[in-house]
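Everything on this sheet refers to the single structure shown next.
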Amino acid sequence: MGYFNRLPNFNYVSRLDEKVSSSDYIEVKNIFKRAKVREDFFQNFTAFTRYTISGDERPDNVAQKFFKDPDLDWIVLYINNIINVREEWPLTNQSFKNHLVDKYGSLEGAYAIHHYETEEVRDQADNIVIPAGLQVDEDFTITYRDVAMGKEVIASNITDGITNEQFETNLQNEKRQIYILRPAFLGIVLDDIERVMTYSQSSQYINEKLKKASNINIG
């Protein structure tokens, strides 16, 4: 069952032109209900495994692979707090090429330098002086004292140019790293969500999957 089908319903005052009276209601999905699993569950690291999204895999492909049900794609998104799939899920290969052209004007523009990053620098004792990956100017240098050598050392030519394409690829690769709920815990999560999606007794209560809004048109 997909996420949308799990949402409870809501009798809302009709705004349709063909309504008969101001007391008419229409039944709609309560999109304001948000699935929520108890916080202590997320502290149980044995319930999750790391996964790297491969190629053009979609959430439904991942759900099929792990849960044998593509309709549980929303579980994949939910566990990773992904709301906007277009922005938060890695692009397909073709969409990525289109993105590069749209953002940088052309494929040639995509291979222009975006910024410079440091290479790793170590002293004679194999201690890291400068870690790799720091964003710096192209001509960045550093002077440090190498104790093993007993003198000051100037490290130069220690930057690499990162192209726009590399920069964007790195952003996409970060999105590829997600958590997967272990199938053994799936039932627990679905039960928790079902409790959230069930209405409790109130003045608006009709049944556990339906409640009625107040009608301010009726005085």
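All of the numbers you see were taken from the coordinates with simple rules; none came from a lab. Note that this is a predicted model, so its numbers are computed, not measured.
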- So Asn127 and Asn157, fully extended at 0.36 nm per residue minus their Cα-Cα distance, gain in nm 8.9 nm
- Item | 3J(HN,Hα) from dihedral phi, the stretch 182-192, Karplus parametrisation 6.51/-1.76/1.60, rounded to Hz, x for glycine, proline | 5, x, 5, 9, 4, x, 5, 5, 5, 5, 4
- Largest first and to the nearest Å, give the Cα extent of the chain along each principal axis. 87, 44, 38
- Query: What residue among Asp191, Asp146, Asp69 shows peak mean-square fluctuation when the chain is described by a Gaussian network model with Cα springs under 10 Å?
  - Reply: Asp146
- To the nearest 500 deg cm²/dmol, what mean residue ellipticity at 222 nm is calculated for the chain from DSSP H runs of n ≥ 4 alone, each contributing -39,500 (n - 2.57), summed and divided by the residues? -8000 deg cm²/dmol
- Message: Report the per residue volume, in Å³, of the convex hull enclosing the C-alpha atoms of the stretch 112-163.
- Response: 58
- Message: What does the C-alpha gyration tensor say about the overall shape of the stretch 49-140? Classify as rounded when a/c is under 1.5, otherwise prolate if a/b is larger than b/c, or oblate.
- Response: oblate
